[in-house]
Amino acid sequence: MTVRSGALRRFFDSKIAVASALVILGFAVMAVFAPLLSPYGPLEQDLANNYGGPSPKHPLGTDELGRDTLSRLVHGSRVSLGIAVASVLIGVLVGAVLGLVAAYYRGLVDSIIMRTMDVLLALPGILLGIAIVVVLGNGVMNTVIAVAVFSVPTFARLVRGSALAILELDYIVASRAVGASAARILFGHVVPNSLTPLVVQSTLQLGSAILIASGLSFLGLGVQPPNPEWGAMLSKGRELVRSTPVAAFAPGMAITLVVLSFSLLGDGLRDAFDPKLKRR
Amino acid sequence: MLRYVTRRILEMFLALLGTSILVFLMIHLIPGDPALLVAGLEAGPEVVEQIRRELGLDQPLYIQYWSFLTDALRGDLGTSIRMNIPVLEEIVDRLPITLTIAVGGTILATLFGIVTGVLAAVHHNRFQDALVMVGALLAASTPSYWLGLMLMLVFSLSLGWLPSIGIRTPAHYVLPIVTLAGQSGGIISRMTRSAMLDVLGQDYVRAARARGQRERVVIARHALENALIPVISIVGLRFGNLLAGTVLVESVFAIPGVGRLLVDAVLWRDYPMIQGTMLFVAGVFVVVNTATDLLYGVVDPRIRVAGD
C-alpha cells in the first residue's frame, strides 16, 4: 500500500503528468458526451455553406460538404480514441498471453513465438498496418486489428522479459516444486508483478496507435469517409488547406495534443512507479 | 567480433525470410481466389485460369513460396496488373526520388537532433533545455502528413516561397524533406540530450575539466564524441522508418515515388505491385537496421564483447 500511495503522491507532484492526464480526461469526456457537446451532427451537410471559414455558427469552419468541422472533430474523438484504446487492449491481451506462454514453456515454443515477434517488430508500423489492411480490407474494425497487430510484439517482449525474471525468484521456484499449476503461477504471481510496466507501456503505445491509425485513414486505407476519424478528416487535406485552413488545422492539432499527452503521461507514470528510472 | 557479425547477419536473414513469408502469404490470406485477385475482377475465366497456371497457383503452397522467393532473389518481383510492366522496373524508376527524400530527411533530422540535443544538455535545466525538450516532444508527436499540410499552407500558399506539390525542381524537395525529418528530429534530439547528459556526468569529463581544459574542448572532444555512439544507432533505425514514412509524405505532396506507388497499388488492388513494393521497402529496412548494428559494434567495442 505504501508503495502505491508513494507512487500516487509522486505522480500528483509532477505538474506535467497531471496536466497531460487532464488533457486526456478532457478528450475522453468529449468522446463520451459527443452528441451533447457538438452543435451539429457529424454527417449533417449544408452544401450551400461548404468550405466556409470560421464564423459564430461554425467556429472551425466547414468542409467540402458543408459539414461543421467542430462537430466532426468532437465526434471524431470517439473514433480515434476508441480505435487507440481497443487496439492497445487487444495488443496487451494477445501480447501478454504470448509472452507468458513463451516465458513459461521456454525452448521451442519460446523460439517460435519470439522469432515471429521479431519479424513483426522488424517492419515499420505503417507498413505492417498497410499489409493487414490489404488482407482484411478497410473500415473501423480492421483498422483496430491492424494497429493491434503492431502493438502485440512490444507487449509480448515486455511480458516475457518480466515473466522470465519473476519465474526465477525463489518463491516461484518453490511453488512450482510443490506442484502449483501453470495458470496459478502465471496469473497469481507473474501477471500482478508485471502490471506496472504494462500500464506504462500501454499509455505510451496509445500515442503510437493514434498516429498509425490516423495515418492509415489519411491514406484512405483505414477508417473511411464520411466517418469523422481525425486522420480521415484530413484525407482531402490539400483541398481543405487551400479553402478552409482552420478546418485542416484542427484535426491534426487534436492528434498532436493527444499523442503528446499520452507520452507525457506515460513518462509521468513510469517516474512515479519507478523513481529509480527517473530521467533527469 | 566475428561471432557478433555472424549472429547479426544470421538474424538478418531470418528477418528477411520471415518478411518474405509474410508478404507471400498476404494474397493467400485474403478471402477469395488468389488467381481472381491477381487477374482483376473484370478478367474472364480463361484469363483467370491462365494466370493460375502462370503463377503456379495450382501448385502446393510451399512450392509456390519457393518460386516466389527464388524469383524475388533473381530480381523478378512479378508484373503489375494495372500498368502491365515489371514491378521491379517501376520501383527502380521511382527510387531516386524516394531515396533523395529519405536520405535528405535523415540528414536533416540528424543535424537538427544533434545540435538541439547538445544545446539542451549543455544548458541542462535552464531555459534552452526546456525549450528544446518541448519542441522535440512536440515534433515527435506531430503526424507527418499534417505537418506537411501546415508547411504547405505557410510556405507555399501564404508566403509563396516554395512549390506545393509535385517534384520537378530541387525546390520541390524542401518541404517533403522537412516534413519527413520532423518526427525523427525530435526523437534524435531527445536521444542526444540524454546521451550527452550521461557522458557529461562521467569521471573522465570531470577530470578533463579539472585539468583546466576549456569547456568548448571538453564538450566537443571529450563528451560529444562518446555521446554520439548511441546516437548513431538511432539514426540508422530512423532511416528505415523515414523510408517507410515516405508512404505518407509522398501522398501529401503528390510525389510519384515508391511510397505513393505502394498506396496506389493498395487502392487499385494491384497485388503483385503491393507485394513487390512491400518486400522491397521492408527488405531495405531490415538490411539498413542490420548494417547500423554492425557499424555500432565497430564503433563501440563494448557491444561486440557483450554480443560474443
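The values are calculated or read from the model by the stated rules, or taken from the named source; none is laboratory data. Since the model is a prediction, treat every value here as computed from it, not as a measurement. Methodologically, a virtual Cβ is constructed for each residue, glycine included, from the backbone with ideal geometry; neighbour enumeration extends over all protein chains shown.
In this entry, B:Met83 passes the filter for residues that are in contact (Cβ under 8 Å) with a residue 12 or more places away in the chain, touching a helix residue (DSSP H, G or I) at 6+ places or on another chain (Cβ under 7 Å) and outside any helix (DSSP H, G or I).
Taken over region A:81-119, residues that are within 14 Å of chain B (Cβ to nearest Cβ) and closer than 14 Å to A:Pro153 by Cβ amount to 8. Here A:Pro245, A:Pro197, A:Pro226, A:Pro251 are screened, and the one residue that is at pLDDT below 90 and within 30 Å of A:Lys15 (Cα to Cα) is A:Pro197.
Taking region A:185-280 and the helices (runs of 4 or more DSSP H) fully enclosed by it, the elements with 3 or more residues that are closer than 18 Å to A:Gly82 by Cα and at the interface with chain B (Cβ under 10 Å from one of its Cβ atoms) are at A:191-218, A:245-273. From the list B:Leu69, B:Leu25, B:Leu37, B:Leu10, the lone residue that is modelled with pLDDT under 80, closer than 25 Å to B:Val281 by Cβ, under 32 Å from the mean Cα position of the chain (by Cα) and assigned to a helix (DSSP H, G or I) is B:Leu37.
Only one entry of A:Phe150, A:Phe187 meets the criterion of being at negative phi and surrounded by 20 or more Cβ atoms within 10 Å (Cβ to Cβ), and that entry is A:Phe150.
None of B:Asp58, B:Asp93 is more than 24 Å from the chain's Cα centre (by Cα) and either within 14 Å of chain A (Cβ to nearest Cβ) or more than 26 Å from B:Thr292 (Cβ to Cβ) (or both) except B:Asp58. Against the numbered list (1) of a type in the set (S, T, N, Q); (2) in contact (Cβ under 8 Å) with a residue 60 or more places away in the chain; (3) under 21 Å from B:Leu147 (Cβ atoms), B:Asn241 comes up short only at (2). Screening the candidates B:Trp146, B:Trp161 for the property of being crowded, with 21+ Cβ neighbours inside 10 Å and free of Cβ contacts under 8 Å to residues at least 24 places away in the same chain yields one hit, B:Trp146. Taking region B:262-279 as the range and being within 11 Å of chain A (Cβ to nearest Cβ) and among the small types (Gly, Ala, Ser) as the test, only B:Ala265 passes.
For (1) surrounded by fewer than 15 Cβ atoms within 10 Å (Cβ to Cβ); (2) under 29 Å from B:Pro176 (Cβ atoms), each residue gets a yes or a no:
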site: B:Tyr65; (1), (2): no, no
site: B:Gly104; (1), (2): no, yes
site: B:Gly113; (1), (2): no, yes
site: B:His123; (1), (2): yes, no
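Does region B:236-244 contain any residue that is modelled with pLDDT of 90 or more, surrounded by fewer than 17 Cβ atoms within 10 Å (Cβ to Cβ) and within 11 Å of another protein chain (Cβ to nearest Cβ)? No, because not a single residue in region B:236-244 is modelled with pLDDT of 90 or more, surrounded by fewer than 17 Cβ atoms within 10 Å (Cβ to Cβ) and within 11 Å of another protein chain (Cβ to nearest Cβ).
From A:Val74, A:Val97, grab the single residue that is more than 17 Å from A:Lys236 (Cβ to Cβ) and in contact (Cβ under 8 Å) with a residue 24 or more places away in the chain.
A:Val74
Scanning region B:282-293 for residues that are surrounded by fewer than 24 Cβ atoms within 10 Å (Cβ to Cβ) and either closer than 14 Å to A:Leu123 by Cα or at pLDDT 90 or above (or both) turns up B:Gly283, B:Val284, B:Phe285, B:Val286, B:Val287, B:Val288, B:Asn289, B:Thr290.
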